[in-house]
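The values are calculated or read from the model by the stated rules, or taken from the named source; none is laboratory data. Since we're looking at a predicted model, the values are computed, not measured. Cβ placement follows ideal geometry from the backbone for every residue including glycine, while neighbour counts extend to all protein chains displayed.
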Amino acid sequence: MKLVGIILTLFFFSSLPVLGQVKNIIEEVESVKKDEGHVKIIQDENISKLIERYQWAQSKQNGILGYRIRIFSQSGPNASSEFEQTKARFTSSYDDVEIHQSFDYPFYKIYVGDFRTRSDAMKVLVRIEKQFPDAFIVQTKINYPKLKFNE
């Protein structure tokens, strides 16, 4: 029985980075909403304390581990202007994909997307590879996904 509890706890913690935007996930699940069922969670109070501690630690990090697509990385005298051109070309063609820019001396870099899985990144890479043939997937910290709750 303890093994099942440990496995469920580990599974729950693996999904918590997505839930980092919710103040207390237990209260959110247990809250009663109009025309919906009611969920009652019965657990040891130490689990709630552990979840709060985990959420606090996660809130101190800037994002979670995920994937982005690098579409540009260049240095040199023309890198700044090519950086701006590439950024404009991408945003005009793919306005549904978030763009992230960085300057790591001496390289200007453009990353796109915030993907939890490599397969999600691959779907977008297939879409953009004709226009950006040098694009490739990198594993990095990404922004927390936005949660959508039915109000």
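Only one of Lys141, Lys123 is at pLDDT below 95 and either surrounded by fewer than 18 Cβ atoms within 10 Å (Cβ to Cβ) or among the polar types (S, T, N, Q) (or both); which? Can you show your working first?
On the way: Lys123 fails: at pLDDT below 95.
Just one listed residue meets the conditions, Lys141.
Within region 18-40, residues that are assigned to a loop (DSSP other than H, G, I, E, B) have Cβ atoms under 8 Å from residues that are surrounded by fewer than 12 Cβ atoms within 10 Å (Cβ to Cβ) and modelled with pLDDT of 75 or more in these pairs: Val32/His38, counting only partners at least 6 apart in sequence or on another chain. Note on region 99-120: among residues that are exposed (fewer than 14 other Cβ atoms within 10 Å of the Cβ) and of a type in the set (D, E, K, R), the one that is nearest to Ile69 (Cα to Cα) is Arg118.
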